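All of the numbers you see were taken from the coordinates with simple rules; none came from a lab. Every value quoted in this text rests on a predicted model; they were computed, and no experiment measured them. All Cβ positions, even for glycine, are placed from backbone atoms using ideal geometry, and neighbour counts span all protein chains on display.
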Amino acid sequence: MSPQAIKKVLCSIDFSDFSPEVLAQAVIFAHKYGAELLVLNVVNEKTYEELERVSGRLAMLNGVADKAIEAMEEHRADMMRELLGELKQQGLPLAEVNHSSRIAVGHPYERILEIADEFAADLIIMGAKGHTSFTKALRFGSTAEKVFRRAGCKVMFIR
């Protein structure tokens with residue numbers, strides 16, 4: 001069996017302190033191999049589930065959860081533009097890489113896997129640490145561990 005060329009890379013970032021390094025490595029990898037790059041951030045819907053329950057009980061809060069999610073998506077899109085701009089300023093070859101970005105809402109590992117399938121990713125690149133350490137998270141079912149176990153493509157962790 002010969003190795004499959006990597007033509008599409010999905011880079012999942014969580015905007016933790018380590019995200020700029022993860023994204024920089026994904027850009028370098030995509031540039032080196034001429035791969036298309038999709039940068040993804042997933043807004044964890046668990047954050048809004050309680051707000052939805054409360055707003056469902058109180059008529060005056062009707063629509064608050066939807067507005068909060070929309071505001072978070074816009075904020076994350078701004079953060080994504082800022083991070084990509086910083087990488088360009090650092091001299092990374094982002095302009096030479098066919099890339100796009102996407103903000104999604106849902107359970108992070110599920111959305112990462114769904115979007116990787118939609119995008120037909122050959123490789124998922126993500127941080128080995130984000131808001132929790134990878135080794136600690138492995139014991140407690142982290143997003144990284146779930147993606148690693150269930151992905152239908154190669155997975156690369158940056159630490």
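Amide hydrogen proximity for Gly127: with H placed 1.01 Å from N in the peptide plane, the residues at 5 or more positions away or on another chain lying under 5 Å are Ile158. With each label point set 7 Å from Cα along the Cα-Cβ vector, what nm distance links Glu114 and Asp17? About 3.2 nm, to one decimal. The label-point distance for Arg81 and Tyr33, in a model that sets each label 7 Å from Cα toward Cβ, rounds to 3.1 nm.
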